Amino acid sequence: MRIVLVGPPGAGKGTQAALLAERLGIPHISTGDLFRANVSQGTDLGKQVDAILREGGLVPDEITVAMAADRMAQPDAEDGFLLDGFPRNIAQAKSLDALLAESGQRLDAVLDLEVPEDEVVRRIAGRRTCRKDSSHTFHVQNKPPREPDVCDICGGELYQREDDREETVRKRLAVYHEETEPIIGYYSEQGLVSTISALAPVPEVTRRALAVLPERA
Ligand code: AP5
Ligand code: ZN
C-alpha cells in the first residue's frame, strides 16, 4: 500500500505514521526526520538544509525529491510505504506521480489529518523530540516520557525542536496553507483523499485512519 499523510505541522502525522506503518507492515518515510538526521550527523545535505529547517521554510524541491526518491528505492519500500511530510507542494506531488509511474506504480490513498489551529499550537508547544531519532516524540501533557527529558525508546535526550518556537510555528503554518494545502485538491481530483478529524486521543485517530484506508492494495 502506498499512502501519503498530509496535515498541518503538529497534526500528529509522525505519531500516526509510526503506528500505521507498523500495523500495515510498510516503512514510515518522513522527509522531516531524514533532514533532521542529516543535520545532526553533519552531512553535506544537513549543512545545506539546516538554516531552512530552523526558519520553517521549505527545502528546495530538487533536493527534497532526490532524497525522497532515494529512500523510496530502498528494498524495504518495494511493496509500499507511508509518506509523512512529502509531497509538500504541487510540484513535489507531480514529481512523485512521475516517479511512481516510471515503475508502473501509483498511490493508493491520501490521508488528510484535520486539526484546529489552536490545538496544533498546543501540541507543538508541548512536544519533546529525541536528539538521537526525531521520529521519537513525546508531549509534556499528552504523552509524557517515563523519566523527564529521556526518550523511552532509546534513552536519548529529549529537547524542543528549534522550529517549534512560536514565531517559527506561525511561519510553518503559513507555508502549510499556501504551499501544501493545494495538494489536497490535486489528489481529490484523483479520488484519493480521505479526511479525518485528528482531534481525538491517539488510538482513536489510528482507528479512524484504519477505517478509511483501502483494505489492501
Ligand atoms: P516535518 O518534520 O515534516 O514537520 P511538520 O510537517 O511541521 O510536522 P511536525 O513534525 O511538526 O508534526 P507532526 O504532524 O508529525 O506531529 P507529531 O506527530 O510530532 O518538517 C520539518 C521541516 O523539514 C519543514 O519545515 C521543512 O523545512 C523541511 N521539510 C520536510 N519535508 C519537506 C518537503 N517535502 N519539502 C520541503 N521541505 C521539507 O505530534 C505533535 C505533538 O502532538 C507531539 O508532541 C505528539 O505527542 C502530540 N500528539 C500527536 N497526536 C496527538 C493526539 N491525537 N492527541 C494529543 N496529542 C497528540
Ligand atoms: Zn529516542
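So here's what we get for this one:
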read-out: Enumeration of residues in the range 120-174 that are of a type in the set (Val, Ile, Thr) and within 20 Å of Asn38 (Cβ to Cβ); value: Thr129, Thr137, Thr168
read-out: Single unsatisfied condition, Pro214 versus (1) assigned to a loop (DSSP other than H, G, I, E, B); (2) surrounded by 15 or more Cβ atoms within 10 Å (Cβ to Cβ); (3) not β-branched (Val, Ile, Thr); value: (2)
read-out: Options Glu179, Glu162, Glu189; residue that is without any contact (Cβ under 8 Å) to a residue 12 or more places away in the chain and acidic (Asp, Glu); value: Glu189
read-out: Selection count where residues are within 9 Å of ligand 2 (Cβ to nearest atom) and open to solvent by 60 Å² or more (accessible area, probe 1.4 Å), scope the range 134-156; value: 1
read-out: Residue list for the range 79-99, restricted to those being more than 14 Å from Leu34 (Cβ to Cβ), open to solvent by 10 Å² or more (accessible area, probe 1.4 Å) and at pLDDT 95 or above; value: Asn89, Ile90, Ala91, Lys94, Ser95, Asp97, Ala98, Leu99
read-out: Selection status of Val121, open to solvent by 10 Å² or more (accessible area, probe 1.4 Å), within 18 Å of Asp163 (Cβ to Cβ), within 17 Å of the chain's Cα centre (by Cα) and of a type in the set (Val, Ile, Thr); value: yes
read-out: Filtered residues of the range 123-180 (kept if in contact with a Phe, Trp or Tyr (Cβ under 9 Å, 6 or more places away or on another chain), under 30 Å from Pro60 (Cβ atoms) and away from ligand 1 (no atom under 12 Å from the Cβ)); value: Arg131
read-out: Scope the range 24-71; condition within 16 Å of ligand 2 (Cβ to nearest atom) and open to solvent by less than 40 Å² (accessible area, probe 1.4 Å); matching residues; value: Ser30, Gly32, Asp33, Ala37
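The values are calculated or read from the model by the stated rules, or taken from the named source; none is laboratory data. Just so you know, these numbers come straight off a predicted model, no measurement behind them. So basically every Cβ, Gly included, is an ideal-geometry build from the backbone, and we count neighbours across all protein chains shown. These area figures cover heavy atoms from the full protein model, side chains too; ligands, DNA and RNA do not enter into them. Shrake-Rupley method; radii C 1.70, N 1.55, O 1.52, S 1.80 Å.
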